[in-house]
Amino acid sequence: MKLKVIVLLILTQIIFASVIQAQQKATSPNVIIVLADDLGNADVGFNGCLDIPTPNIDRIAERGVVFTNGYVSYCVCGPSRAGLITGRYQDRFGFGRNPLFAPNDPGMGLPLSEETLADVLKKANYKSLAIGKWHLGAHETLHPLERGFDDFYGFLSGGHQYFPELLVLNDPFEAKAQFDGYKTKLLKNYDRVEETEYLTDAFSREAVSYIEKNKDNPFFIYLAYNAPHTPLQATEKYLSRFENIKEKKRKTYAAMVSAVDDGVGLVLAKLQELNLTENTIVVFLSDNGGPEKTNGSNNGVFRGQKGDVFEGGIRVPFAMQWPAKIPAGLVYDNPVISLDIFASVIAQTKTQVSTKNQLDGVNLIPYLSGKKEDAPHEYLFWRKFDAKDYAVRKGNDKMILKAGSEEMLFDLEQDISEEKNLSAKRKVQVNMLTGDLKKWESELLDPTFTGLMKDEEYNANHPERFKKQSK
Ligand code: CA
């Protein structure tokens with residue numbers, strides 16, 4: 001009798017578990033965030049690029065939405081990624097600088113007070129993979145597998161060599177200086193691997209394989225290509241597509257963007273093959289504006305570039321598809337920010353999930369489906385702590401404060417290139433926005449770690465920066 005009850009109980013549990021699984025399969029969308037690195041705003045077809053065809057990236061825009069006023073929360077790599085992966089302004093937790101590559105420093109990266117999108121999706125039974133550039137800490141406690149991801153394929157530094165024969169360091173402790181981080185062999189979870197492909201192709205391959213392996217459960221892939229960040233390196237396969245571009249830098253850059261586009265094509269084709277297109281959210285964006293002089297990128301009509309709080313530093317190519325909920329061919333003009341991805345995604349999971357920390361992002365889906373008609377954000381804010389640069393956008397007004405220069409106020413609807421400073425004529429608005437900015441800043445922390453700009457000073461204070469510590 002007892003045995004029968006136990007068998008019955010087990011059976012009930014199995015049935016219950018499979019019902020839950022079936023429900024999740026039916027409704028929890030898969031999520032793929034494709035993050036390009038230092039891609040110029042005008043360097044994708046959907047933003048009018050003519051010399052670099054990006055048919056696959058453009059397909060995301062055609063099947064879903066283009067954000068014409070899509071921003072990131074910072075104008076360089078590390079802090080922008082920290083914002084995206086937490087859904088919070090990164091200065092709330094002191095990530096106001098690019099971190100150094102410091103494998104012995106648990107404080108150099110994303111603080112453990114923060115939850116990542118992978119942490120939260122784990123509560124809804126997702127499997128998560130981080131690919132490519134991490135840049136949120138090189139210490140073992142900050143590794144992607146400690147931050148909610150089930151799998152990782154990539155590197156921990158802020159950039160990397162693209163040709164596998166240049167990856168010669170067996171572990172971070174063989175590094176002698178900051179940029180040696182670019183030469184470490186890739187990590188598959190905690191193990192070093194001998195990669196044989198061009199880096200961008202390798203990352204695309206890993207994404208496709210993960211989709212295949214996880215086709216029966218909800219998955220999240222953070223596909224963080226380091227392309228087209230420097231060093232400018234491309235294979236003949238991609239370079240040969242750009243005989244028409246004579247300028248060497250632009251040509252190599254174009255080839256690198258083309259490799260990313262091919263990767264997006266492979267990912268989309270795999271989703272199609274497995275019938276997953278309808279219920280997979282695919283987001284494409286860059287982590288900051290193009291550094292035009294460094295990598296040959298083009299930010300189009302926007303003023304400034306990577307590192308600036310002008311539009312060229314923070315307004316990025318940004319598109320998203322989710323055929324189940326987002327109408328195809330949508331062009332969305334209200335300002336949105338990379339922080340919104342987190343909030344949008346976690347609102348869609350079948351299992352309700354809560355977050356530990358308050359989010360700054362907004363669930364965009366009701367705005368895209370037409371349920372909500374107002375703007376998702378009253379304000380967007382930026383702070384570049386070391387330079388004492390600030391920006392705030394409210395409606396079409398954008399104010400910029402820079403140390404040592406007068407206040408700037410631009411009307412982005414009339415003046416997309418931020419050329420006509422209206423601050424003298426509209427003093428009241430300047431004062432109000434300054435007050436709003438100060439209020440926002442009062443909620444922020446100063447950076448909690450020394451940044452990339454203090455490399456030498458850090459070395460002097462940490463003579464054992466790259467020495468393997470005994471446990
Ligand atoms: Ca970047």
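The phi-based Karplus calculation (6.51 cos²θ - 1.76 cosθ + 1.60; θ = phi - 60°) puts the 3J(HN,Hα) values of the stretch 227-242 at 6, x, 5, 5, x, 6, 9, 9, 8, 4, 3, 8, 4, 5, 6, 10 Hz, whole numbers, x for Gly and Pro.
Measuring spread by the Cα atoms of the stretch 148-279 yields a radius of gyration and Dmax of 16.0, 48 Å.
A Cβ-based charge dipole, computed about the Cα centre of the chain with Lys and Arg at +1 and Asp and Glu at -1, lands at about 940 debye.
Shape class of the stretch 45-86 from the Cα gyration tensor (axes a ≥ b ≥ c, square roots of the eigenvalues): prolate, since a/c reaches 1.5 or more and a/b is larger than b/c.
Normalised by 2.2 N^0.38 Å, where N is the number of residues, the C-alpha radius of gyration of the stretch 303-460 stands at 1.21. Between the alpha-carbon centres of the stretch 325-346 and the stretch 347-420 there is a gap of 13 Å.
Sequence-distant contacts, meaning Cα pairs under 8 Å at least 6 residues apart, place the relative contact order of the stretch 387-446 at 22 percent. For the stretch 28-369, the share of alpha carbon pairs falling in successive 20 Å distance bins from zero is 34, 62, 4 percent. With the Kirkwood sum run over all distinct C-alpha pairs, the stretch 317-400 has a hydrodynamic radius of 14.6 Å. Averaging the sequence gap over all C-alpha pairs within less than 8 Å and six or more residues apart, then dividing by the number of residues, gives the chain a relative contact order of 26 percent. Computed over the stretch 387-446, the range of Cα coordinates on each principal axis works out to 34, 23, 19 Å, biggest value leading. The trypsin sites (Lys or Arg not before Pro) of the stretch 163-263 meeting both criteria, a DSSP state outside H, G, I, E and B (loop) and at most 12 other C-beta atoms within 10 angstrom of the site's C-beta, are 176, 246. Classify the stretch 209-291 as rounded, prolate or oblate, taking a ≥ b ≥ c as the square roots of the eigenvalues of its Cα gyration tensor: rounded when a/c is under 1.5, otherwise prolate if a/b is larger than b/c and oblate if not. It is prolate, given that a/c is not under 1.5 and a/b is the larger ratio. Considering the dipole of the chain built from charges on the beta carbon (Lys and Arg +1, Asp and Glu -1) around the Cα centre, which of 203, 153, 124 is farthest to its positive end? After comparing all options, I get 124.
Since every read-out is calculated from the coordinates, none of them should be taken as a lab result. If you're wondering where the values come from, they're calculated on a predicted model, not measured in any experiment. Note: ideal-geometry Cβ built from the backbone for every residue, glycine included; neighbour counts use all protein chains shown.
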